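Bear in mind these aren't lab numbers, they're just calculated from the coordinates by the rules spelled out. Since the model is a prediction, treat every value here as computed from it, not as a measurement. Cβ placement follows ideal geometry from the backbone for every residue including glycine, while neighbour counts extend to all protein chains displayed.
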């Protein structure tokens, strides 16, 4: 298992790193047999410390938790507690979905772009309708069932998830609606 423990504009001591590793080993060993990557990022927002934990599992699922507190250790403990709760809630589904799966989840490469919104405030339309790309990254699109996609979206704490539906081999989207329900977009 690979750990990436870092701080954004704050120093992280060895004692905190060891505490994070031992606590996450305990949490992850209860629920996931094969985690591959764990990323923990500490940052400061005003007077509060922020801890973000992301776990990538070999099944293709990601789990994420974020917490804030005045103390750095307390922010980690709160984030770890949220992650434990998520994994506990999905433990049965994590095992059931991947019991029959003989191979890991297939991931398709895709490009992800962040477009500049500076033209949106103008009254007149710009002469050039091409958007200004301000960031480009690579994204992975998993090939999973709709149920797994909803679970993946919930675990990652995302508002939406783009995935390749295993049943139809088409690109689908699940998203959280304003009313709290889950929406599913499936092309015809």
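Rank the residues 178, 25 as a footprinting-exposure proxy: fewest other Cβ atoms within 10 Å of their Cβ go first.
Neighbour counts put them in this order, fewest first: 178, 25.
Label the stretch 126-188 by shape, choosing from rounded, prolate and oblate, from the square roots a ≥ b ≥ c of the eigenvalues of the Cα gyration tensor; if a/c is under 1.5 it is rounded, and otherwise prolate applies when a/b is larger than b/c, oblate when it is not.
Verdict is prolate for the stretch 126-188.
Order these by the 10 Å Cβ neighbour count, fewest first: 1, 151.
Ascending Cβ contact count within 10 Å gives the list 1, 151.
Which distance in nm do the two modelled labels at residue 141 and residue 175 give, with both placed 7 Å along the Cα-to-Cβ direction?
Roughly 1.6 nm, to one decimal.
Starting from the Cα of residue 166, step 7 Å along the direction of its Cβ; do the same at residue 133; then give the gap between the two resulting points in nm.
Placing both labels 7 Å along Cα→Cβ, they lie 3.2 nm apart.
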